[in-house]
1. Would you mind ranking His121, His201 by Cβ crowding within 10 Å, fewest neighbours first?
2. Write down the Kirkwood hydrodynamic radius of the stretch 136-287, to one decimal in angstroms, obtained as one divided by the mean of 1/r over all alpha carbon pairs.
3. Quick check: net charge around Gly204, other residues with Cβ under 15 Å of its Cβ, Lys/Arg +1 and Asp/Glu -1?
4. Could you work out [θ]222 nm for the chain from helices alone, using -39500 (n - 2.57) per DSSP H run of at least four and dividing by all its residues? Round to the nearest 500 deg cm²/dmol.
5. With a ≥ b ≥ c the root eigenvalues of the C-alpha gyration tensor of the stretch 10-158, is it rounded (a/c under 1.5), prolate (a/b larger than b/c) or oblate?
6. Output wanted: per-residue J couplings in Hz (rounded whole) for the stretch 110-115, from phi through Karplus 6.51 cos²θ - 1.76 cosθ + 1.60, θ = phi - 60°, x for Gly and Pro.
7. Please compute, for the alpha-carbon atoms of the chain, the extent along each of the three principal axes and give them in descending order in Å.
8. Would any residue of the stretch 78-105 have its amide N under 11 Å from a label point 7 Å out along Cα→Cβ of Glu276? List them or say none.
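A short reminder: the numbers here are calculations on the coordinates, not readings from a lab. Owing to the predicted nature of the structure, the values given are computational and were not obtained by experimental measurement. Positions of Cβ are backbone-derived with ideal geometry, glycine not excepted, and every protein chain shown enters the neighbour counts.
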Amino acid sequence: MIVIAGILFGVFSFAAAYFLHGGSIGIWFDAWTEFIAIGGGAFGIFLAGNGVSGVKNAIAGLLHLLKPDPYSKKAFTDLLVMLYQIFSVARRDGLLGLESHLEDPKKSTIMSKNHTFLHDHHAVEFFCDTLKVIVSGGVQPHSLDEMMEIDIEATHKAENMVPDSLQNVGDAMPAVGIVACILGVVITMGKIGGDPMAIGHSIGIALIGTLLGIFAAYVMIFPTVRAMAGRHVTSGAYVACIRQAVFSFARGEPPVTCIEFARRCIDPVLRPGFDELDKAVKAAKNG
């Protein structure tokens, strides 16, 4: 939601400066064709490069920005507690004791309590599939770590397709604005010799095309791309936390050591303290 507020603040600031300088609102209504040129050009560029599926993914990504980032400090704390409980089951009942939890996480008495985890489909598949590999046996810890790294890299590339595509559209928008402006100038050339006020009005409409192209790129598209990339950083950190814990588990570390390794790889802003995590683990045990 903050990205929308930032964009609206930018729009308000530019509009306020324009009107405080005595600008007229009428010319903006007369320049509706420039909005069509800029908006249509931006959509056409994105559609041509990404197809219908890319447009759907972009819409989904934009809608996701309207919601709070689910990967909060509490989400990481809950994840670490869940990991501790899962590893404790394996330590107590053996690896076969994990099968009931891995086959259907939504019915697991442990994972079903972590809603943030269950709503992250990649995190669920990443965790469960990797543990299934451990349960099946025959994979060394370093090979397992390499396997997890390949999975994360593939997901990272897929997640960045929309932000990268929007970045390309943003890079092109100033040029699209110039093209729209040139079209307006071409129309204005046909009015040479006519009413000077009409010619000036036509030039003003043409220049709005350049303004819209630059404004859309730097005030709307680029901040949106940055916000999307930020969301992917936190979701990637969530999976990286799981990776570190699972790797430690595969090496035979005790559950408390596994989650401590995982805790250390969390951003300090979102990382729960040692005592804070210890209290959460004890509360989960008592619960």
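1. Numbers: His121 8, His201 18.
In order of increasing Cβ crowding within 10 Å: His121, His201.
2. Details: mean 1/r = 0.0493 Å⁻¹.
20.3 Å is the Kirkwood radius here.
3. On the way: positive: Lys191; negative: Asp30, Glu34, Asp195.
For residues surrounding Gly204, the net value is -2.
4. Working: 13 runs with 225 residues, N = 287.
So the helix-based figure for the chain works out to -26500 deg cm²/dmol.
5. Working: a/c = 3.97, a/b = 2.56, b/c = 1.55.
It is prolate, given that a/c is not under 1.5 and a/b is the larger ratio.
6. Values, residue by residue: 9, 6, 5, 7, 9, 5 Hz.
7. Taking max minus min along each principal axis of the Cα atoms, the chain gives 91, 37, 29 Å.
8. Under cut-off, by backbone N: 78.
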